[in-house]
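Asker: Below is the structure I would like to discuss, written out as structure tokens.
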Amino acid sequence: MRNRRVSTPARPFPLPLPRCRPLPCACALIAGALLAVVGVVPSFGQQPDVAPAQASSASAEGRLIIPKIPPGTVELDGRPSEAAWEEARRLPLIQGVPDFGKDPTERTEIVVGYTEEALYVACRCYDRKAPSAPSFKRDYLNTDTDYCGIRLDTFNDNENALGFFTTPTGLRMDLAVFNDASGQFPLDIDWNSFWEAEARQTEEGWFAEMRIPVSSLRFDAKGGQAVMGLSAGRLLARKSEDIVFPEIPPKWGAWSRWKPSQYRDVVFEDLKPETPLRVTPYLLGGAGQEAALNDAETAYERQTDPTYDAGLDVKYGLTSNFTLDLTLNTDFAQVEADNQQVNLTRFPLFFPEKRRFFLERASTFSFGFGRPNRLFYSRRIGLFEGRQVRILGGARVVGRSGPWDIGILNMQTAREPDLTRGGEALPSENFGVARLRREVINEDSNVGGILTSRLGWDGTYNLAYGLDGLFRL
């Protein structure tokens, strides 16, 4: 089995902002990094030939061919009884825990098929007793709820994956796996995508159907084939029974079944990636009214203050491997609130990123020092001492090209006269990050570098860079 590095959740490492001469906008800094990327990776945005490490993985035996089903033959209603499901691939399932390798105690069927537009998954979870589903909250991933679904290592890099699960009530749980599921909590449950799920309960058990659009995935397609890592499973909560495919031993602890390096290679014939364009505008309006006592203190005068705002978010697939996110006058009103925490230490609390703009392949920007520290922490952008700072706009490019992981980000915040730092108004700031990482020697080893900048219009700045590497001989 492959060895993987082990990481721990990091606390934000605050960076000082010394006062120095004014510097130009960090856009030039990031643009230079982008040009360097183009120079280093000759076919940036176009997938080169498979690297030797990937080729060895691609030539491994034991792949499963996922059958193609006729389009329009599956009605997403939670009743996987259409004839098309008989043509799809039924996955062989075993117990992961508590009795590894034995047959599941309750009959379970997970079936996978696809069309040119979407992947389809059917779950038949038989059980004479009522299933457990205590919540309707999206991304409620807990051991007290039954769920069923799949995990996809779309780039087949044995390190990152996406999970799509549903519960007996049709609740959707989507998440991202990083660092080969190594560490204390190697899942990003705040990652959300566009897909559908329907579930239905009967006297025989509960049944579900899922539709995952191809446009919601990023993957490579070579020679008319898309090769991915696949894992699937069901959790039977009342028995604490984990049913899995493939036969992943539980020797890595609770995250064993999540490790992309242990998934089974599957092949989708004639499946082509899409480059979607999603535009999300918003318009806010309202009014606030206040009754204030006049100067003579003889009457109350009503003051009405109208408020309005507008902005735009754009997500565009530059290629099958690279995604461009653009934002203008960003609004994060739809973002889920942080979980409440009580701090009994002298260190600042760590809150995970929940803003969708920063979430796709967020692990690309990870640069840890070991222990609970990290160089780049996206929650520093748009927040100051717990209060929101207006983001004027920004851009983000992230993806994978052959053995390269690439991430570039640039954001500009507004001046905030109501917020102060050192007795002065919080200035407009520019945040920039460029991150490169490349596989070397084998698919378990890599070297990389990062460049970060934080430039204030009042002349303050902070620049940091670093090199890192992991070698598994």
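The values are calculated or read from the model by the stated rules, or taken from the named source; none is laboratory data. All values derive from a computational prediction rather than experimental measurement. Methodologically, a virtual Cβ is constructed for each residue, glycine included, from the backbone with ideal geometry; neighbour enumeration extends over all protein chains shown. These accessible areas exclude ligands, DNA and RNA; they are computed on the full protein's heavy atoms, side chains included. Shrake-Rupley method; radii C 1.70, N 1.55, O 1.52, S 1.80 Å.
Asker: When Gly432 is evaluated against the numbered criteria (1) part of a strand (DSSP E or B); (2) over 25 Å from Phe185 (Cα atoms); (3) over 23 Å from the mean Cα position of the chain (by Cα), which criterion, by number, is the only one it fails?
Answerer: (3)
Asker: Moving on to the next point. If you take the residues of region 267-288 that are within 22 Å of the chain's Cα centre (by Cα) and among the aliphatic types (A, V, I, L, M), which of them is nearest to Thr154 (Cα to Cα)?
Answerer: This residue is Leu277.
Asker: Next question. Mind checking which strands (runs of 3 or more DSSP E) fall wholly inside region 349-427 and carry at least 2 residues that are over 30 Å from Gly163 (Cβ atoms) and not aliphatic (A, V, I, L, M)?
Answerer: Strands (runs of 3 or more DSSP E) meeting the threshold: 404-413, 416-421.
Asker: Could you please find all residues in region 160-175 being open to solvent by less than 20 Å² (accessible area, probe 1.4 Å) and either among the hydroxyl-bearing types (Ser, Thr, Tyr) or not in a loop (DSSP other than H, G, I, E, B) (or both)?
Answerer: Answer for region 160-175, where residues must be open to solvent by less than 20 Å² (accessible area, probe 1.4 Å) and either among the hydroxyl-bearing types (Ser, Thr, Tyr) or not in a loop (DSSP other than H, G, I, E, B) (or both): Ala161, Gly163, Phe164, Phe165, Thr166, Thr167, Met173, Asp174, Leu175.
Okay, residues lined up against (1) over 26 Å from Ala161 (Cβ atoms); (2) touching an Asp or Glu at 6+ places or on another chain (Cβ under 8 Å):
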{"residue": "Asp265", "(1), (2)": "no, no"}
{"residue": "Thr275", "(1), (2)": "no, no"}
{"residue": "Asn294", "(1), (2)": "yes, yes"}
{"residue": "Arg302", "(1), (2)": "yes, yes"}
{"residue": "Pro306", "(1), (2)": "yes, no"}
{"residue": "Asp309", "(1), (2)": "yes, yes"}
{"residue": "Asp313", "(1), (2)": "no, yes"}
{"residue": "Thr323", "(1), (2)": "no, yes"}
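Asker: Tell me whether region 281-292 contains one or more residues that are surrounded by 22 or more Cβ atoms within 10 Å (Cβ to Cβ) and either closer than 30 Å to Leu324 by Cα or among the β-branched types (Val, Ile, Thr) (or both).
Answerer: no
Asker: Which numbered condition trips up Pro213, out of (1) open to solvent by 10 Å² or more (accessible area, probe 1.4 Å); (2) on the phi > 0 side of the Ramachandran plot; (3) in contact with a Ser or Thr (Cβ under 9 Å, 6 or more places away or on another chain)?
Answerer: Only one criterion in (1) open to solvent by 10 Å² or more (accessible area, probe 1.4 Å); (2) on the phi > 0 side of the Ramachandran plot; (3) in contact with a Ser or Thr (Cβ under 9 Å, 6 or more places away or on another chain) is unmet by Pro213, namely (2).
Asker: What are the pairs, 6+ residues apart or on separate chains, where a residue within region 419-433 that is under 13 Å from Asp458 (Cβ atoms) and buried (at least 18 other Cβ atoms within 10 Å of the Cβ) has its Cβ under 6 Å from a residue that is at pLDDT below 85 and not hydroxyl-bearing (Ser, Thr, Tyr)?
Answerer: Pairs that qualify, where the first residue is under 13 Å from Asp458 (Cβ atoms) and buried (at least 18 other Cβ atoms within 10 Å of the Cβ) and the partner is at pLDDT below 85 and not hydroxyl-bearing (Ser, Thr, Tyr), are Asn430/Cys25; Asn430/Ala26.
Asker: Could we say that Asp325 is of a type outside the set (Phe, Trp, Tyr), more than 20 Å from Leu455 (Cβ to Cβ) and part of a strand (DSSP E or B) here?
Answerer: So Asp325 passes the test.
Asker: Still on this structure, I have one more. Would you check which residues across region 192-210 are over 24 Å from Arg238 (Cα atoms), open to solvent by 20 Å² or more (accessible area, probe 1.4 Å) and either outside any strand (DSSP E or B) or modelled with pLDDT under 90 (or both) and list them?
Answerer: Asn192, Phe194
Asker: Could you please let me know if Leu318 is hydrophobic (A, V, I, L, M, F, W, C), closer than 29 Å to Ser215 by Cβ, surrounded by 12 or more Cβ atoms within 10 Å (Cβ to Cβ) and without any contact (Cβ under 8 Å) to a residue 40 or more places away in the chain?
Answerer: No, not satisfied.
Asker: In this structure, does Gly456 turn out to be touching a Pro at 6+ places or on another chain (Cβ under 6 Å) and either closer than 18 Å to Leu375 by Cα or crowded, with 19+ Cβ neighbours inside 10 Å (or both)?
Answerer: Taking the combined requirement at face value, the residue satisfies it.
Asker: Please determine, by comparing only the residues of region 224-261 that are of a type in the set (A, V, I, L, M, F, W, C) and in a helix (DSSP H, G or I), which one is surrounded by the fewest Cβ atoms within 10 Å (Cβ to Cβ).
Answerer: The selected residue is Ala254.
Asker: Let me ask you something else. Condition first: among the aliphatic types (A, V, I, L, M), open to solvent by 30 Å² or more (accessible area, probe 1.4 Å) and closer than 20 Å to Thr420 by Cβ. Now tell me which residues in region 379-398 satisfy that.
Answerer: Answer for region 379-398, where residues must be among the aliphatic types (A, V, I, L, M), open to solvent by 30 Å² or more (accessible area, probe 1.4 Å) and closer than 20 Å to Thr420 by Cβ: Leu383, Leu392.
Asker: All but one of (1) at pLDDT below 90; (2) crowded, with 16+ Cβ neighbours inside 10 Å; (3) among the hydroxyl-bearing types (Ser, Thr, Tyr); (4) under 30 Å from Lys222 (Cβ atoms) hold for Thr330; state the number of the condition that does not hold.
Answerer: (4)
Asker: Would a scan of region 179-187 turn up a residue that is touching a helix residue (DSSP H, G or I) at 6+ places or on another chain (Cβ under 6 Å) and assigned to a strand (DSSP E or B)?
Answerer: No, region 179-187 contains no residue that is touching a helix residue (DSSP H, G or I) at 6+ places or on another chain (Cβ under 6 Å) and assigned to a strand (DSSP E or B).
Asker: Oh, and also: If the requirement is being part of a strand (DSSP E or B) and within 27 Å of Leu409 (Cβ to Cβ), which of these qualifies: Thr280, Thr304, Thr319, Thr275?
Answerer: Thr280
Asker: Sticking with this structure for a sec: In region 439-471, which residues are polar (S, T, N, Q), farther than 28 Å from Glu416 by Cα and at pLDDT 85 or above?
Answerer: Within region 439-471, just Asn446 meets the criteria.
Asker: Just one of the numbered conditions (1) within 22 Å of Ile212 (Cα to Cα); (2) in contact with a Phe, Trp or Tyr (Cβ under 9 Å, 6 or more places away or on another chain); (3) part of a loop (DSSP other than H, G, I, E, B) is not true of Asp157; which one?
Answerer: Asp157 satisfies all of (1) within 22 Å of Ile212 (Cα to Cα); (2) in contact with a Phe, Trp or Tyr (Cβ under 9 Å, 6 or more places away or on another chain); (3) part of a loop (DSSP other than H, G, I, E, B) except (2).
Asker: Looking only at region 47-74, which residues are surrounded by 13 or more Cβ atoms within 10 Å (Cβ to Cβ) and either at pLDDT 90 or above or not in a helix (DSSP H, G or I) (or both)?
Answerer: Listed by number, the residues that qualify are Gln47, Pro48, Val50, Ala51, Arg63, Leu64, Ile66, Pro67, Lys68, Ile69, Thr73, Val74.
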